[in-house]
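Remarks on the structure that follows.
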Amino acid sequence: MPPCSPSAVKATAYQAADRPAGTGTGAAIIEFTNASAHACSLQGHPTVAGAGNGSPSHNSPLKVTPTGAAPAVRLAPGGKAWVKLTFVQVQGEADGYCVSGAKPVVYPTLVVGLPGSGAHQVALSDGEFAECDNTVTASAVTAAKPA
């Protein structure tokens, strides 16, 4: 099964229902849809970066800790697959704080890349991505929708 080409993949993002306690994003689900007329596959763990204003060269890569096995997921036309991103949670009110002492970072959009299937800029359907320590734990692409 050939990998989905970048143009075949449509990506969206929303906050996960199951996320760490705190006031930041905590966890987000990235949903990938095969927008082509042909079956293709997605596989692997994503790369994740905070989107830079106006240029990919301004993106801020996050350190990704991959979790779980990464078998290929076959997508029929219109089929969906998901990745769950879990962030180091922002604590407190207003601008919040990081337990580590770092300053919380907020990104209006992230750039999520998949091996062989391009990088896709996504915005949360309900807010912005707030995180601490510029690290994220990422599941592999899965056919089972995570919470």
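The values are calculated or read from the model by the stated rules, or taken from the named source; none is laboratory data. From a predicted model like this one, the values you see are computed outputs, not experimental measurements. Note: ideal-geometry Cβ built from the backbone for every residue, glycine included; neighbour counts use all protein chains shown. Only protein heavy atoms, including side chains, enter the accessible area calculation; ligands, DNA and RNA are left aside. Shrake-Rupley method; radii C 1.70, N 1.55, O 1.52, S 1.80 Å.
Within region 13-53, restricting attention to residues that are open to solvent by 10 Å² or more (accessible area, probe 1.4 Å) and polar (S, T, N, Q), the residue that is nearest to the chain's Cα centre (by Cα) is 47. Among the residues of region 119-133, those that are more than 13 Å from the chain's Cα centre (by Cα) and outside any loop (DSSP other than H, G, I, E, B) comprise 132, 133. Does residue 138 qualify as being among the small types (Gly, Ala, Ser), in contact (Cβ under 8 Å) with a residue 24 or more places away in the chain and either touching a Cys at 6+ places or on another chain (Cβ under 8 Å) or within 25 Å of residue 57 (Cα to Cα) (or both)? Answer is yes for this residue. Can we say residue 73 is at pLDDT 95 or above, among the hydrophobic types (A, V, I, L, M, F, W, C) and surrounded by 14 or more Cβ atoms within 10 Å (Cβ to Cβ)? Taking the combined requirement at face value, the residue satisfies it. Residues considered: 112, 64, 106. Of these, the only one that is within 19 Å of residue 131 (Cα to Cα) and buried (at least 19 other Cβ atoms within 10 Å of the Cβ) is 112.
Looking at 111, 99, 136, 106, can you tell me which residue is assigned to a loop (DSSP other than H, G, I, E, B) and not hydroxyl-bearing (Ser, Thr, Tyr)?
On the way: 111 fails: assigned to a loop (DSSP other than H, G, I, E, B); 136 fails: assigned to a loop (DSSP other than H, G, I, E, B); 106 fails: assigned to a loop (DSSP other than H, G, I, E, B).
Answer to the check: 99.
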